[in-house]
Amino acid sequence: MGLLDTALADGRCWSRVGDCFEVTRKPPGLRVADYKAVPFVPMEAIPQGGQYEPRYDQKPGADITSGTYFERGDLLIAKITPSFENGKQAWVKRLPAPFGYATTEVIPLRPTAAGYDRRLLFFYLLHPEIRSYVSERMEGSTGRQRVPEQVLLDLPYPKLPPDDQQAIADTLERVTLQVDLEEHSARTAAELKRAAMRELFTRGLRGEPQKETEIGPVPESWGVVELSSLCLATDQVDLTSEADRIIHYIDVSSVSRDSLQVETTTEYRLKDAPSRARKRVRNGDVIFATIRPTLLRAARIDEALDNQVCSTAFCVLRTADPELLGKYVFYAVQRPEFLELLERIETGASYPAVTDRQVKAQPIPLPTPDEQREIVAVLDAIDRKIELHRKKRAVLEELFKALLHKLMTGEIRVADLDLSALEPLHTPHVAA
């Protein structure tokens, strides 16, 4: 049952957002032009997905001829599509002035009385069902639809005692802070990986003197070879003999730029698949997208996708030793230097691309098999750390959605929860 269809438990009842919050209005007589500097929040400065604080730009008051007035402590809710649907909203609790201005495409809200916790409304508006409910009531032409203020004020909202509001908001805030921590940890590990790659592919692990090559400095004992020299021939599917085979198709969008893994596939009967579904992939192959190559969509094919089919927009890199050389190639093509070489030769304005031949013609550094193994081990360990943080974030995001629903409806109480596995908050958060 959906959130808005749920009969609230524990003596709770539905009210309206407008019973607890109001739209902030500019005070009569305020002359913005009299202020030398006014904090300004453009749409791109408003975060999405659960972070509170926006970025504050400073503008001379005389330069602000339009915008939305707001005050310290307000919630800023994006009202235009697709910003609203994407969850762009902020809590301006650290506004460096008593008031500020924002894009005209936000609605500023503040409590009508003490005891209404801003954080609870902030989290409530992140619930997918609430977003959908409000989105269906947008007005305006396609592509420029907006949330009317009254729709937001009339939105059903659980009526809760102040103590319950704060307890629920504290709990949800604790989960979102943990989500942010995992995201920060993943970004830090990704930065570590980039630094490690620069070091590993230019200095190696043996402390050797370096030599200058066409791709820059590498250890003296290393070679520089054309990628094609490490690759085996690949093949395409045979439509005459395999037309009725059920395949899992890997399109360019199937590969995540964050995880560098195949995250989704589409099932087809081969004869009904898109015309690009032609390249056969094998366990251990590396696929590298040749459309917009500098965006780096690359992945290794695992056993579950053996003998499946990828788009002709991928270059398939197959080696005689997928578990060693194949993994080394996978990391070698992630190097910024490799992508820079491709950027110099890509063609096409709207969809810059390179050919398979051009990808395989690029030079890469080649250490001994023992050092390849050591480099792969280091980068594998970092990748596992990044993946762990991303998985933990995904679990926490699902936990947030479940808790938001169940706590707001009274299906569970904060006192019933055991969140001891989460990191403790370092500073208390008081309802505003």
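The values are calculated or read from the model by the stated rules, or taken from the named source; none is laboratory data. Please read these numbers as outputs of a predicted model, since none were measured by experiment. Glycine also receives a Cβ, built like all others from the backbone with ideal geometry; neighbour counts cover every protein chain displayed. These area figures cover heavy atoms from the full protein model, side chains too; ligands, DNA and RNA do not enter into them. Shrake-Rupley method; radii C 1.70, N 1.55, O 1.52, S 1.80 Å.
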Residue satisfying all of: in the range 111-127; of a type in the set (A, V, I, L, M) and over 17 Å from ALA167 (Cβ atoms); least open to solvent (accessible area, probe 1.4 Å) among these: LEU125
Yes/no for LYS401 being at pLDDT below 95, open to solvent by 20 Å² or more (accessible area, probe 1.4 Å), touching a helix residue (DSSP H, G or I) at 6+ places or on another chain (Cβ under 9 Å) and not in a strand (DSSP E or B): yes
Selection from the range 140-152 of residues that are surrounded by fewer than 19 Cβ atoms within 10 Å (Cβ to Cβ), more than 19 Å from PRO111 (Cα to Cα), touching a residue at least 12 places away in the same chain (Cβ under 8 Å) and of a type outside the set (Lys, Arg): GLY143, GLN145
Strands (runs of 3 or more DSSP E) lying entirely in the range 1-50 (those with 2 or more residues that are modelled with pLDDT under 95, farther than 25 Å from ASN86 by Cα and not polar (S, T, N, Q)): 13-16
Selection status of SER185, on the phi < 0 side of the Ramachandran plot, among the polar types (S, T, N, Q), under 25 Å from the mean Cα position of the chain (by Cα) and surrounded by fewer than 18 Cβ atoms within 10 Å (Cβ to Cβ): yes
Residue that is farthest from LEU205 (Cα to Cα), among those in the range 327-360 that are touching a strand residue (DSSP E or B) at 6+ places or on another chain (Cβ under 6 Å) and among the small types (Gly, Ala, Ser): ALA353
THR294, sole failed condition from (1) out of contact with any Phe, Trp or Tyr (no Cβ under 6 Å at 6 or more places or on another chain); (2) in a strand (DSSP E or B); (3) not acidic (Asp, Glu): (2)
From the options GLY115, GLY73, GLY50, residue that is under 24 Å from the mean Cα position of the chain (by Cα) and on the phi > 0 side of the Ramachandran plot: GLY50
Every residue from the range 295-329 that is under 20 Å from ALA361 (Cβ atoms) and open to solvent by less than 20 Å² (accessible area, probe 1.4 Å): ALA298, ALA313, PHE314, CYS315, VAL316, LEU317, THR319, GLY326, TYR328, VAL329
Any hit, the range 88-96, residues being among the β-branched types (Val, Ile, Thr) and buried (at least 18 other Cβ atoms within 10 Å of the Cβ): yes
Qualifying positions in the range 35-81 - in contact with a helix residue (DSSP H, G or I) (Cβ under 9 Å, 6 or more places away or on another chain) and closer than 17 Å to VAL134 by Cβ: GLY49, LEU75, ILE77, ALA78, LYS79, ILE80, THR81
Count - residues of the range 23-47 that are acidic (Asp, Glu) and more than 32 Å from the chain's Cα centre (by Cα): 1
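Evaluate the range 340-362: report whether one residue or more is closer than 21 Å to SER259 by Cα, assigned to a helix (DSSP H, G or I) and open to solvent by 60 Å² or more (accessible area, probe 1.4 Å). Let's see the steps before the verdict.
Of all residues in the range 340-362, those closer than 21 Å to SER259 by Cα come to 340.
So of that shortlist, the ones also assigned to a helix (DSSP H, G or I) come out as 340.
With open to solvent by 60 Å² or more (accessible area, probe 1.4 Å) added as a condition, the list becomes 340.
Looking through the range 340-362, at least one residue is closer than 21 Å to SER259 by Cα, assigned to a helix (DSSP H, G or I) and open to solvent by 60 Å² or more (accessible area, probe 1.4 Å).
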